[in-house]
Amino acid sequence: MPYAIRHMRLEDIPQVAEIEREAFSTLWPPTAFKRELQDNKLASYLVVYDVSRRQEEESGVIPPSPENISPSVSTLQRLVSGMKRVLNTNDGTAPAFYIAGFAGLWVVMDEAHVTTIAVRESLRHQGLGELLLIALIDLAMQKQAQFVTLEVRATNAIGQALYQKFGFVRNGIRPGYYTDNHEDAIIMSTERITSAVYQQQFQHLKEAHFKRWPGNLRRHTEESMVRESS
Ligand SMILES: CC(C)(COP(=O)(O)OP(=O)(O)OC[C@H]1O[C@@H](n2cnc3c(N)ncnc32)[C@H](O)[C@@H]1OP(=O)(O)O)[C@@H](O)C(=O)NCCC(=O)NCCS
């Protein structure tokens, strides 16, 4: 499947909230994505989406056939509105793309803080978490941050492995940080992302990523779904 990254939009929120619930079952309250997108000037949120699949394909809308069309007006109306949803949403826009994961970044001064990152459980182990992290680090560079930091649960070995791969090192602990189970948070951060050493390592990791996962597109916008050759 071809996957691409773009900035999160309001229309993505229902899918993103679903992925967040699935990934962070103990998280309460859920992130107020609408407020984050509209009001938080420090925040940037990205989604990774399947460029070949629209959300409505998941909804199981039944196309009309002689067997399932009854003379009842309400049944016909339901079928027509279902078909309309496949082609277009009510407001005339195309149905939302199928979102596979999302990630967030807050940039304060020279520090970019990864607030969240998650991939649908059914789509993990296909490089999408890595694609999101690459996009976040790229974004941090664009925003002229010098360091990328984050907190991760002490028991989250998968998250830590992903971050370590991209040069994050442990540099502190917040004891009992997570209020649901009083688990410690491990603080991780990169070295200076503008340093020649980090840039070189990051470029190398990026090249390796796009070679290993040729379905992942380099461009971060829907408009440029062109796969670049490396
Ligand atoms: C963390 C998460 C985003 C990774 O997404 P993913 O798409 O499955 O990860 P990728 O396929 O891109 O894997 C990238 C790297 O992550 C690490 N990783 C992924 N799955 C792993 C596993 N089962 N065991 C160990 N490391 C793993 C590896 O370093 C991997 O690189 P490699 O393939 O070269 O070994 C995903 O597991 C998730 O959504 N988890 C729940 C939410 C969460 O914990 N988020 C982090 C909060 S701080």
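Every number in this text was worked out from the coordinates using simple rules, so none of it is lab data. Model, not experiment: these values are computed from the prediction. Here Cβ is always computed from backbone atoms with ideal geometry, including for glycine, and neighbour counts include all displayed protein chains.
A cut-off of 5 Å between modelled amide H atoms, ignoring neighbours fewer than 5 places along the same chain, links Thr115 with Gly104, Leu105, Trp106.
Place a point 7 Å from Cα of Gln200 in the direction of its Cβ. Which residues in segment 159-182 have their backbone N less than 18 Å from it? Backbone N within reach: 166-168. Between the C-alpha center of segment 139-205 and that of segment 1-24 there is a gap of 22 Å. By its C-alpha gyration tensor, with a ≥ b ≥ c as the square roots of the eigenvalues, how is segment 1-51 shaped: rounded for a/c under 1.5, else prolate for a/b larger than b/c, else oblate? It comes out oblate by the Cα gyration axes. Between Gln144 and Leu10, the modelled label-to-label distance comes to 3.1 nm, taking each label 7 Å out from Cα in the direction of the beta carbon.
Please report Tyr49, Tyr3, Tyr177 as a ranked list, fewest other C-beta atoms within 10 angstrom at the top and most at the bottom. Walk me through the numbers on the way to the answer.
Values: Tyr49 26, Tyr3 23, Tyr177 15.
Ordered by Cβ neighbours within 10 Å, fewest first: Tyr177, Tyr3, Tyr49.
Annotation: the residues Thr26, Thr194, sorted from fewest to most other C-beta atoms within 10 Å of their own C-beta, follow the order Thr26, Thr194. Working ranking of peptides 144-156, 178-190 by packing, defined as the average number of other Cβ atoms within 10 Å per residue, highest first, is 144-156, 178-190.
Exposure proxy for Asp110, Asp50: other Cβ atoms within 10 Å of each Cβ, ordered fewest to most, give Asp110, Asp50.
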